[in-house]
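One structure below.
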Amino acid sequence: MEMTLRKTILILAIFVAALVFLSYSSFFRESSVAPAPEIFREVHVDTWFDLGIETPVAPAPEIFREVHEMVIDVGPDGSASCRYLARLEPSEIADFMKTHVRLVGVDRVEQTYIESLRESFAEYGLEVRGPVCQVTFENTFEFTIEWETPLLFRWNGENWVATFEWIDAQEAAARAIAEVKDEWVTVRNVARIYNVQNLIYEIRYKTTILLPEGADNVYCSLLGSSWEEDYGGGSYERGVLTLEENDGRSAIVEEGREVIITENEITITPEQLLENFPSYSVTYAHAPPAASFAESLEQVRLDLKYGRELKEQYPVCIRGSWYYLSPAQLLYHMADTIVAYDQGGELLVQQPVRVLPPGDESGEWEACWKELSKEEYVDLALEIRGLMGETGRAPGEIETPVGKMRFRDALYLFSRVLSAYSSAGKLPDSVIFAPVPTGELRRGGSEIPAEIAYFLLPDSYVITGTERVGEILENLQDNYTDYELAKALCEWTRYHISYGLSFRPPTSEEILENGIGQCRDYANVYLALTRSAGIPARRVSGWVVSAWQPPHGWEFAVGETPDGRPIGGHGWVEVYLGGKWLPADPTAGLFENLSYDIYHKVEQSWRDALADYETARDVI
């Protein structure tokens with residue numbers, strides 16, 4: 001699978017509008033799953049949009065095509081300027097998209113494309129900075145994104161290396177298959193609108209990685225090789241990797257195509273995908289980077305940010321010379337550098353110190369996402385430097401003004417401070433404590449995976465910590481346990497929002513103000529409430545068994561499985577309680593036990609939550 005957007009043009013634009021919106025009063029009336037409970041009110045539909053689609057008779061199968069092209073221009077420091085272009089070739093589906101995007105709003109669709117780009121790159125441990133997206137559809141439907149990716153290639157002390165592989169391969173494979181299944185279901189549904197049988201949806205892609213001018217001894221074990229993934233039912237992906245020359249520069253070129261056959265179901269498993277998944281590394285010889293100590297720490301920051309296992313040693317530059325330092329040594333010299341910069345001086349290190357790694361690490365959940373002022377983190381750097389100088393060992397548990405943090409969290413905190421210094425030329429006025437998404441944190445008397453903290457973050461549609469949200473929580477929180485509060489908030493959301501369809505997605509605050517929304521909006525309000533209350537929660541979208549009939553213009557969100565079961569798109573939430581994820585459907589007022597069958601679902605990952613936050617706010 002290409003290292004680009006997980007979702008196709010079609011899937012992204014439909015999902016942002018609300019592929020997930022089932023009307024549950026209608027759902028329970030028409031489905032054989034369960035009778036309609038009395039508490040379910042009549043649906044209030046504010047506006048039904050007419051896409052203006054005529055249903056043509058199309059006896060012969062058709063092929064709808066997307067074309068994706070990405071150019072990654074690698075600079076001498078290993079960072080890259082990137083440009084991504086995707087377009088739909090002229091077809092009925094392209095006309096469908098043009099109308100659809102007008103209704104959703106170009107700005108909302110552009111934002112969703114950026115979020116998906118960040119999510120896809122995050123799975124490879126790559127950061128997206130300064131993305132700008134432009135959607136055009138006057139003639140051909142297409143979009144472009146331009147952005148910067150720091151340290152696509154890394155200096156290892158001898159060569160430049162980039163490894164294109166998923167950080168969490170099993171999880172990423174499962175999600176990649178889920179995205180392909182979403183493509184399959186949605187394309188089937190859109191094909192039904194046009195009465196097209198046996199539709200073939202083809203995505204052709206080409207990614208060109210331009211290496212720096214003068215790059216030599218380029219090596220990749222997969223150069224000249226091809227691969228194929230059989231998705232089942234005739235659907236597949238094929239690709240090839242080659243080394244070419246582009247204007248005198250070496251270029252790694254990946255070309256391929258993905259073909260979705262709508263007639264038959266996608267059956268590939270994560271294990272089958274991983275067996276043939278083409279992860280690979282590229283190396284080349286070139287001059288080492290002219291980096292300061294702070295700039296050479298970017299490798300450490302990115303590994304910590306995206307949950308890669310820390311290396312035993314990292315190459316860093318001190319006064320023009322390169323050294324291999326352990327993470328424990330790095331923490332000491334980071335602290336020393338922060339103190340020096342705060343005092344207006346320069347880095348005074350002549351030779352790396354010798355310090356031992358920490359023993360057991362321990363940190364507190366309550367410290368997550370709290371702010372440290374410049375004075376506080378400089379004092380923390382002074383304390384850590386002094387402690388390590390006295391004991392010769394890095395601390396595993398560190399007292400801070402916001403709570404106890406682990407060794408790895410302090411390492412990440414200081415790397416972010418120095419990254420900000422490299423960009424702005426001064427220490428930041430404050431920094432948010434973001435936990436490294438590996439290992440565990442203490443929460444009360446139990447341990448909780450640190451990555452779960454990322455399900456507390458706000459995003460473009462989930463607005464946390466507002467006055468309105470605070471008032472709701474204040475009225476509800478009466479000695480509730482987290483379980484009781486999560487259940488009460490689900491019921492509150494169900495009773496205080498009336499059902500109504502709209503293509504343009506509003507924020508949770510807008511829904512709380514006007515009181516009307518679809519399941520997408522019920523979910524966002526519930527996410528805003530639970531996350532503000534300190535209860536981790538994640539989005540879930542998918543397809544559930546339902547005989548619900550949508551109004552005209554929304555036919556794309558219902559379909560039929562190959563074995564004849566009617567399905568509809570829906571969205572709900574899962575909350576993290578007692579060490580596991582529990583389902584909560586605020587649209588239907590259901591908690592822990594859902595009374596309908598789920599045909600297929602996609603769960604938000606912590607990297608998705610991070611990508612959505614950074615799109616709405618700023619890079620952590």
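Points worth noting:
- Residue in region 490-503 that is under 21 Å from Arg538 (Cα atoms) and not in a helix (DSSP H, G or I) present: yes
- Any hit, region 397-416, residues being surrounded by 18 or more Cβ atoms within 10 Å (Cβ to Cβ), basic (Lys, Arg) and not in a helix (DSSP H, G or I): yes
- Check on Asp459, within 29 Å of Tyr306 (Cα to Cα), among the acidic types (Asp, Glu), surrounded by fewer than 22 Cβ atoms within 10 Å (Cβ to Cβ) and touching a residue at least 40 places away in the same chain (Cβ under 8 Å): no
This table checks each residue for (1) more than 30 Å from Tyr613 (Cβ to Cβ); (2) touching a strand residue (DSSP E or B) at 6+ places or on another chain (Cβ under 8 Å); (3) not in a loop (DSSP other than H, G, I, E, B).
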residue	(1), (2), (3)
Ala251	yes, yes, yes
Glu271	yes, no, yes
Ala290	yes, no, no
Asp303	no, no, yes
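- Note on region 555-620: no enclosed strands (runs of 3 or more DSSP E) hold 1 or more residues that are open to solvent by less than 10 Å² (accessible area, probe 1.4 Å) and polar (S, T, N, Q).
- Some residue of region 515-525 being free of Cβ contacts under 8 Å to residues at least 60 places away in the same chain, open to solvent by 10 Å² or more (accessible area, probe 1.4 Å), within 30 Å of Pro551 (Cβ to Cβ) and not β-branched (Val, Ile, Thr): yes
- Qualifying residue in region 321-333 (condition: surrounded by fewer than 16 Cβ atoms within 10 Å (Cβ to Cβ) and part of a loop (DSSP other than H, G, I, E, B)): no
- Looking only at residues of region 129-148 that are of a type in the set (Val, Ile, Thr) and touching a residue at least 60 places away in the same chain (Cβ under 8 Å), we find that the one that is surrounded by the most Cβ atoms within 10 Å (Cβ to Cβ) is Ile145.
- Taken over region 206-238, residues that are in a strand (DSSP E or B), among the hydroxyl-bearing types (Ser, Thr, Tyr) and either in contact with a helix residue (DSSP H, G or I) (Cβ under 8 Å, 6 or more places away or on another chain) or within 17 Å of Thr163 (Cα to Cα) (or both) amount to 5.
- The conditions of being assigned to a strand (DSSP E or B), aliphatic (A, V, I, L, M) and without any contact (Cβ under 8 Å) to a residue 60 or more places away in the chain are not met by Ala162.
- Positions within region 67-124 being open to solvent by less than 10 Å² (accessible area, probe 1.4 Å), under 20 Å from the mean Cα position of the chain (by Cα) and under 18 Å from Phe503 (Cβ atoms), in sequence order: Val109, Tyr113
- Some residue of region 274-287 being assigned to a helix (DSSP H, G or I), at negative phi, crowded, with 19+ Cβ neighbours inside 10 Å and in contact (Cβ under 8 Å) with a residue 60 or more places away in the chain: no
- Matching entry among Ala335, Ala291, Ala340, Ala328 (being within 28 Å of Gly389 (Cβ to Cβ), at pLDDT below 90 and among the aliphatic types (A, V, I, L, M)): Ala291
- From the options Pro352, Pro358, residue that is within 23 Å of Gly439 (Cβ to Cβ), in a loop (DSSP other than H, G, I, E, B) and open to solvent by 20 Å² or more (accessible area, probe 1.4 Å): Pro358
- Applying a threshold of 6 Å to beta carbon distances and a minimum spacing of six or more residues, or different chains, the list of pairs starting in region 296-313 at a residue that is more than 16 Å from Ser419 (Cα to Cα) and ending at one that is open to solvent by less than 10 Å² (accessible area, probe 1.4 Å) and small (Gly, Ala, Ser) reads Arg308/Gly125.
- Filter result for the condition that a residue is open to solvent by 20 Å² or more (accessible area, probe 1.4 Å), under 28 Å from the mean Cα position of the chain (by Cα) and closer than 30 Å to Arg175 by Cα, over Thr242, Thr262, Thr269: Thr269
The values are calculated or read from the model by the stated rules, or taken from the named source; none is laboratory data. Just so it is clear, the model here is predicted, and its values are computed rather than measured. Note that each Cβ is placed from the backbone with ideal geometry, even for glycine, and that neighbours are counted across all protein chains shown. Heads up: the accessible areas ignore ligands, DNA and RNA and are worked out on the full protein's heavy atoms, side chains in. Shrake-Rupley method; radii C 1.70, N 1.55, O 1.52, S 1.80 Å.
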